[in-house]
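To start, the structure under review is shown below, and the notes come after it.
The values are calculated or read from the model by the stated rules, or taken from the named source; none is laboratory data. No experiment lies behind these values; they were computed from the predicted model shown. Neighbour counts are summed over all protein chains in view; Cβ atoms, including those assigned to glycine, are modelled from backbone coordinates with ideal geometry.
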Amino acid sequence: MKLPPRQEWRLALVTGLSTGFAVLSPLPDGYYMPMAITAVMAGSYGGSYALGRQRLLGSLMGVAILLVCQSGLRLPLPLALGIALTLTRLLGGALGLQSGYKVAGFIVVMGWLVHSSNLSSWIPLRLGWTCLGIVVGLLAVRWIWPSRAIQQQNDGCRRLMGTIAAALREEGQRLGSPLAPAASPGERRQRHRQDLTQLVALRQGRPAAITELGLNPARQPLHHLWQLCDATFSLLLGTLDGLRSLPPPLLSPSALVELRMAEVRLLEAMAQRLEGWQTCRFAQDEPLPSLTASGRQAGLQSQALALAALRTCRELLHSPAFEQVPNVRQRQVARRLMLLEQAAEGLETMDRRWQALQA
């Protein structure tokens, strides 16, 4: 039997305790506190902060619309309530609220239909319990089995580095053993979809991580590193998809065999560089992940191997022996080498800009 994840246990614990506190409290309407906690507690602190901000702004907007429309609109109740809800949706869109306008509409309806006789006491209680629920939810996500979106984003980058490194090494093994059966088109598409799913999941978690960076995330080096990783991962996944679609390499003449071995060394060097980046210390309290001494040394060695392999590939591609290859296969070899050069250049660019961010 599979146990629920930590987030579910945390939500159940905090919601249960807050419900008990609200029931024992002498103040009425305490159920708004666990409602706010349930709505706010996302999988990470950044996501919870964004949801809490939306709920608070929506509550304030709903109270303002309720007070203005109830006292200012002298119309039949259905028409006045419809105008108020329409105004709620329009203002919510103008303020960029994605879920807070629903809370505002709930406040307008409940205040107008249920609490119209005691708004002066209901509104402070409603806002007070909501604010308390938001604060408790944020504290719970921060201190009870903490899950930080920044750490999740960094860990996701490391996992994707490992995935791409393994795929590059696998492609090198395919080039090194041209007689091995190639993957079918369906298998290649499925593999590419799996890689893209991992990249999309990383992108979906980035807004919450950016929220945790503070009020001005564009000035944070970590934000730029995530963008750099995203661009590099997209390039490498496109390169892998292009390499997998090419036919198996020719076994002759000897110049092609030599070229293929140089490409195998290049793929291995790129995989080693990605694995070296995986050794980075992605600590929560550091402004930017830094390479360990062993990781930096491995990166320098893989860079030298990649440059030597690229130089060998270019020399063999322009050698007289290459002219014996049919034109169709010449284009295929040239395309494979172009894809490898793009991938190697992308890794080199990322390494250079990463070091510039650390300067």
**Prompt:** GLN7: among the polar types (S, T, N, Q), farther than 24 Å from THR211 by Cβ and surrounded by fewer than 19 Cβ atoms within 10 Å (Cβ to Cβ), yes or no?
**Reply:** no
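Looking at segment 26-50 only, could you name the residues that are in a helix (DSSP H, G or I) and touching a Lys or Arg at 6+ places or on another chain (Cβ under 8 Å)?
So in segment 26-50, the residues in a helix (DSSP H, G or I) come out as 32-40, 45-50.
Scanning segment 26-50 gives TYR32, ALA36, ALA39, VAL40, TYR45, GLY46.
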**Asked** Among the residues of segment 72-86, is there at least one that is outside the structural domain of LEU213 (by TED's automatic domain parsing), at pLDDT 80 or above, in contact with a Cys (Cβ under 9 Å, 6 or more places away or on another chain) and surrounded by fewer than 18 Cβ atoms within 10 Å (Cβ to Cβ)?
**Response** yes
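Within the group ALA64, ALA22, which residue is buried (at least 20 other Cβ atoms within 10 Å of the Cβ) and either of a type outside the set (Phe, Trp, Tyr) or under 31 Å from the mean Cα position of the chain (by Cα) (or both)? Steps first, answer last, please.
Numbers: ALA64 fails: buried (at least 20 other Cβ atoms within 10 Å of the Cβ).
The unique qualifying residue is ALA22.
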**Request:** With respect to ILE107, determine if the residue is part of a helix (DSSP H, G or I) and either touching a Lys or Arg at 6+ places or on another chain (Cβ under 8 Å) or in the same structural domain as ARG206 (by TED's automatic domain parsing) (or both).
**Result:** yes
**Message:** Under 6 Å between Cβ atoms, which residue pairs at least 6 apart in sequence (or on different chains) link something in segment 170-182 that is under 20 Å from THR239 (Cβ atoms) and among the small types (Gly, Ala, Ser) with a partner that is modelled with pLDDT of 65 or more and assigned to a loop (DSSP other than H, G, I, E, B)?
**Reply:** ALA182/PRO248
**Message:** Given the options TRP122, TRP129, name the one that is more than 30 Å from ALA231 (Cα to Cα), in contact with a His (Cβ under 8 Å, 6 or more places away or on another chain) and either modelled with pLDDT of 85 or more or acidic (Asp, Glu) (or both).
**Reply:** TRP122
**Message:** Take VAL141 and tell me if it is β-branched (Val, Ile, Thr), surrounded by 14 or more Cβ atoms within 10 Å (Cβ to Cβ) and at pLDDT 85 or above.
**Reply:** no
